[in-house]
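The values are calculated or read from the model by the stated rules, or taken from the named source; none is laboratory data. Just so you know, these numbers come straight off a predicted model, no measurement behind them. In this analysis, Cβ positions are derived from the backbone assuming ideal geometry, glycine residues included, and neighbour counts consider all displayed protein chains. Calculation scope for accessible area: heavy atoms of the full protein, side chains included, ligands and nucleic acids excluded. Shrake-Rupley method; radii C 1.70, N 1.55, O 1.52, S 1.80 Å.
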Amino acid sequence: MTTFISQLRQVVRRLGRAPMFTAITLLTLAIGVGANTVIFSVVEGVLLKPLPYPEADRLIGVWYQAPGIDLPELNMAPSLYFIDREQNTTLQDIAVYDGDAFAVTGAGEPEHVRGMDVTDGALPLLGVTPALGRIFTHQDDLPSAPKTVLLSYAYWQKKFGSASSVIGSSITLDGEARQIIGVLPRNFQFLEYHDASLFVPMQWDRSKTKLGNFSNRALARLKPGVTMHQVNADMARLVPITIRSFPAPDGFSISLFEKAHLAPLLRPLKQDVIGDIGKVLWVLMGSIALVLLVACANVANLLLVRVEGRRQELAVRSALGAPWKRTAGELLIESLVLGLAGSAIGLALAFGALRALVAVAPTGLPRINEIGIDIPVLLFTLGLALFTSLLIGVIPIIKYAGVKAAAGLREGGRALSQSRERHRARKILVVVQVALALVLLICSGLMIRTFRAIMHVDPGFTSPESLQTFRFYVPETQIPDEKADLIIHQDQEILNKIAALPGVQSVSFSSNIPMDGSSSSDLLFAQDHTYSEGQIPPIRRFKSIAPGFLSTLGAKLVAGRDLTWDDTYGKRPVALISENFAREYWHTPEGALGKKIRAANTDDWREIIGVVQNMHDDGADKPAPTAAYWPVLKQNFEGEKLNVQRGVSFLIRSPRAGSQAFMKEVQQAVWQVNASVPLADPATVGEFYSKSMARTSFTLVLLSIAGGMALLLGIIGIYGVISYTVSQRTREIGIRMALGAQRNSLTSLFVRQGMMLAFIGAACGLVVAFVSMRLMSSILFDVSPVDPLTYIAITVAVVLTAWLACYLPSRRAATINPVNALRSE
């Protein structure tokens with residue numbers, strides 16, 4: 001211990017005498033370690049950390065697939081839920097849930113509040129113990145039970161001031177009074193629904209349930225000791241029982257569900273929460289890890305230079321009897337001090353950088369509230385510190401800890417140039433730096449190409465930043481089903497009020513807005529197409545639109561005409577379809593006009609009166625779905641005698657879109673018609689468009705930062721090698737110049753030396769990139785992972801930058817005075 005403390009003091013004293021070297025080394029390591037700590041914090045919080053529920057490893061998400069109708073993933077249906085819950089043998093329980101929103105009225109201005117619809121087993125499955133009152137029981141979930149509601153802790157504080165007397169009182173949701181029976185715990189979050197404030201029971205009526213309606217998500221808890229294979233087999237056994245136990249919906253047949261070949265698709269519940277973000281995060285983690293390796297190579301180069309300066313000292317110590325272990329230990333302590341200190345600074349930087357990263361993270365990044373510096377992250381950083389310490393110290397130890405006294409003393413004269421052997425390790429490190437920098441820059445280049453490809457996609461609408469949207473829902477308590485026509489009349493009256501506002505160019509409404517995250521799809525039959533035995537028509541995207549919606553959106557009619565109000569109020573059997581649907585079935589848009597389609601066998605056939613350009617409803621990087629556009633008011637649709645769109649999204653084109661003042665005017669215009677309607681989710685279509693690209697831009701920014709850091713460190717490495725070589729060969733350069741060597745030839749000599757390293761590094765980097773870039777294919781769009789343009793452009797840029805890094809220090813060789821160079825020796 002005494003020896004260790006003595007060596008530690010010497011190391012600290014020596015580092016203090018070289019402040020520039022110490023500062024550069026610590027900063028380089030701090031950036032590399034800090035960046036890795038930040039990204040690992042995100043990976044750990046999102047991907048590695050278990051869900052915050054008791055025995056979360058036994059929680060699963062319950063989905064289905066229907067290969068018979070080419071549907072790889074289906075939500076839960078009420079019919080499947082009832083049979084699965086009643087007859088399974090492998091589950092502790094199963095529950096269904098779905099996001100919802102409510103209009104809270106009766107106390108001041110109407111308020112739009114997000115919430116959840118859940119069956120009675122959902123909260124117990126997640127181990128919820130209420131902070132106040134009780135949670136739902138099976139009795140609460142019966143269709144005849146009184147209406148009840150649970151409050152989130154935050155909403156209870158905000159709305160009721162944390163008053164315990166709230167239990168037993170009522171709150172009006174969508175025009176319906178509900179009794180408050182409980183308050184959920186302070187820190188409880190229902191999966192990824194972080195803003196859910198109100199929870200109500202599903203109250204499905206089993207006696208009225210039919211097959212179909214795959215509209216809800218489900219979770220379950222495995223019984224102890226049950227495997228996924230066993231539960232899959234158990235749930236598959238129940239599918240035929242479900243089909244035999246419930247009738248088909250109106251207009252459909254039992255054979256349709258049999259031919260769909262329904263099968264369970266089960267997975268850990270955490271996968272439902274995090275989605276596919278894992279691909280992006282692991283790519284980022286790998287990229288930042290490469291930056292750390294480049295930083296370590298850079299620091300190792302600095303340490304080699306530092307130790308080379310002590311070569312004669314180490315030889316003298318060896319001649320005086322200093323053992324190899326003592327010298328190696330001292331070098332290792334120095335690398336440990338630098339590694340630990342740099343990592344400590346990096347951890348401090350990570351605290352601030354993590355906040356910034358979370359702030360700019362793409363909207364919808366799951367579990368974002370669970371990201372932070374915790375014990376696993378601290379242990380990871382400590383591991384990085386030890387790893388980097390060993391990595392930066394091992395090469396100097398191998399090369400110089402056992403330097404022979406005779407060799408060291410013989411080479412100690414300043415008149416002798418450095419041998420190739422003594423430069424080899426530094427050159428190898430530079431090659432590694434250039435190779436890794438090239439790999440990261442190719443990653444960045446591919447993401448830039450992806451971003452450009454997405455930006456050039458025509459989304460199917462124009463000027464999204466000028467399109468203001470909001471939603472509202474008219475509950476049956478306001479307008480009953482028997483007077484459903486009045487809903488559309490009310491919507492049109494609101495439309496007229498908004499159209500009269502200053503700056504409004506056009507306005508309309510629809511069941512949903514492109515890229516807003518909501519959608520509806522179903523089977524669609526074409527009258528002139530025959531279907532073979534067992535064949536089921538493809539699923540199409542459904543959207544109900546009002547007249548003028550397409551023109552307000554800026555969507556082009558490729559053929560035919562738009563809907564009119566006469567079509568809507570007259571309930572005429574008409575429809576529009578997307579261009580890709582028209583080309584798939586009738587080869588041309590014009591060929592689709594006059595053809596007829598319908599959703600269910602009992603529906604009226606509807607004439608296609610128009611064809612709309614393809615619209616990227618799910619994001620610019622997703623294929624445009626084949627779609628059908630229906631009037632917002634229609635007869636005999638999907639088994640319903642009268643189908644009306646109660647929940648609509650308004651779309652307003654105006655240069656004032658996005659301003660709070662404009663939305664206040666819109667709110668007042670709506671309340672002039674219906675004072676009980678709160679406006680929900682005000683946003684511009686431009687925000688939806690940006691959100692659809694947020695993950696790509698987030699990945700692009702981080703990869704570009706990683707690539708830039710790696711390139712900078714790599715260029716510094718090349719610059720350092722050439723600069724050091726020039727300084728160590730001053731006498732040789734003087735002799736060459738005295739013998740008539742030209743200045744340009746001397747400069748070229750050192751440039752060629754540096755460029756050889758750059759070319760070797762670039763070649764190695766290209767090989768590594770070609771092999772590894774295929775891992776990025778899942779996050780690229782319309783770009784090959786081996787895109788030749790990207791590879792060539794990045795390689796040329798790296799080589800040119802390397803040439804500049806070689807040329808600048810090489811010019812020093814041409815400025816050396818041969819007389820002074822020879823005299824100094």
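Some values worked out for this structure:
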quantity	calculated
Filter result for Ile254 (closer than 30 Å to Ile31 by Cβ and open to solvent by 20 Å² or more (accessible area, probe 1.4 Å))	no
All positions within the range 377-394 that are over 32 Å from the mean Cα position of the chain (by Cα) and either on the phi > 0 side of the Ramachandran plot or open to solvent by 40 Å² or more (accessible area, probe 1.4 Å) (or both)	Leu390, Leu391, Val394
Filter result for the condition that a residue is touching a residue at least 60 places away in the same chain (Cβ under 8 Å), farther than 30 Å from Gln87 by Cα, among the small types (Gly, Ala, Ser) and buried (at least 22 other Cβ atoms within 10 Å of the Cβ), over Ala196, Ala220	Ala196
The range 194-207, residues that are in a loop (DSSP other than H, G, I, E, B) and under 30 Å from Ile371 (Cα atoms)	His194, Asp195, Ala196, Ser197
Output for the range 618-655, where each listed residue is farther than 30 Å from Gly503 by Cβ, assigned to a loop (DSSP other than H, G, I, E, B) and not acidic (Asp, Glu)	Lys622, Pro623, Ala624, Pro625, Thr626, Gly639
Only listed residue being more than 30 Å from Ser389 (Cα to Cα), touching a residue at least 24 places away in the same chain (Cβ under 8 Å), not aliphatic (A, V, I, L, M) and not in a helix (DSSP H, G or I), chosen from Lys270, Lys210	Lys210
Among (1) out of contact with any Ser or Thr (no Cβ under 7 Å at 6 or more places or on another chain); (2) open to solvent by 40 Å² or more (accessible area, probe 1.4 Å) - the single one Asp491 does not satisfy	(2)
Within the range 22-53, tally of residues that are over 18 Å from Gly275 (Cβ atoms) and either modelled with pLDDT under 90 or open to solvent by less than 20 Å² (accessible area, probe 1.4 Å) (or both)	19
Yes/no for Ile735 being more than 23 Å from the chain's Cα centre (by Cα), at pLDDT 85 or above and surrounded by fewer than 20 Cβ atoms within 10 Å (Cβ to Cβ)	no
Close pairs (6 angstrom Cβ cut-off, 6 or more residues apart or separate chains): open to solvent by less than 100 Å² (accessible area, probe 1.4 Å) in the range 1-21, at pLDDT 80 or above and of a type in the set (Ser, Thr, Tyr) anywhere	Leu15/Thr22
Residue count for the range 429-472, restricted to those that are among the aromatic types (Phe, Trp, Tyr) and either open to solvent by 20 Å² or more (accessible area, probe 1.4 Å) or modelled with pLDDT under 90 (or both)	2
Flag for Ser510 being surrounded by fewer than 17 Cβ atoms within 10 Å (Cβ to Cβ) and closer than 20 Å to Val644 by Cβ	no
Any hit, the range 666-682, residues being assigned to a loop (DSSP other than H, G, I, E, B), open to solvent by 60 Å² or more (accessible area, probe 1.4 Å) and aliphatic (A, V, I, L, M)	yes
Enumeration of residues in the range 560-573 that are open to solvent by less than 10 Å² (accessible area, probe 1.4 Å) and in contact with a helix residue (DSSP H, G or I) (Cβ under 7 Å, 6 or more places away or on another chain)	Thr568
Residue tally, condition β-branched (Val, Ile, Thr) and under 27 Å from the mean Cα position of the chain (by Cα), over the range 276-308	6
Filtered residue count, the range 254-267, keeping only those that are at pLDDT 90 or above and part of a helix (DSSP H, G or I)	0
Any hit, the range 178-193, residues being part of a loop (DSSP other than H, G, I, E, B), out of contact with any Pro (no Cβ under 6 Å at 6 or more places or on another chain), under 18 Å from Ala154 (Cα atoms) and open to solvent by 60 Å² or more (accessible area, probe 1.4 Å)	yes
Hey, Asp516 of a type in the set (Asp, Glu), exposed (fewer than 15 other Cβ atoms within 10 Å of the Cβ) and in contact with a helix residue (DSSP H, G or I) (Cβ under 9 Å, 6 or more places away or on another chain) or not	no
Residues within the range 518-555 that are in contact (Cβ under 8 Å) with a residue 40 or more places away in the chain and closer than 20 Å to Ser649 by Cα, tallied	16
Count - residues of the range 326-376 that are acidic (Asp, Glu) and either surrounded by 20 or more Cβ atoms within 10 Å (Cβ to Cβ) or closer than 22 Å to Ala300 by Cα (or both)	2
Criterion: without any contact (Cβ under 8 Å) to a residue 24 or more places away in the chain and either open to solvent by less than 10 Å² (accessible area, probe 1.4 Å) or more than 28 Å from His616 (Cα to Cα) (or both) - qualifying residue of Pro475, Pro480	Pro480
Matching residues, the range 108-136, being open to solvent by 60 Å² or more (accessible area, probe 1.4 Å) and touching a residue at least 12 places away in the same chain (Cβ under 8 Å)	Glu109, Arg114, Pro124, Thr129, Arg134
Residue that is nearest to Leu523 (Cα to Cα) [pool: residues in the range 580-617 that are in a loop (DSSP other than H, G, I, E, B) and of a type in the set (S, T, N, Q)]	Asn601
Any chance Asp250 is of a type outside the set (Lys, Arg) and within 29 Å of the chain's Cα centre (by Cα)	no
Residue within the range 257-274 that is touching a Ser or Thr at 6+ places or on another chain (Cβ under 9 Å) and open to solvent by 40 Å² or more (accessible area, probe 1.4 Å) present	no
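For every residue, the table says whether it meets (1) in contact with a His (Cβ under 6 Å, 6 or more places away or on another chain); (2) assigned to a strand (DSSP E or B); (3) under 30 Å from Ile715 (Cα atoms).
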residue	(1), (2), (3)
Arg221	no, yes, no
Val231	no, no, no
Ile243	no, no, no
Val283	no, no, yes
Leu290	no, no, yes
Val299	no, no, yes
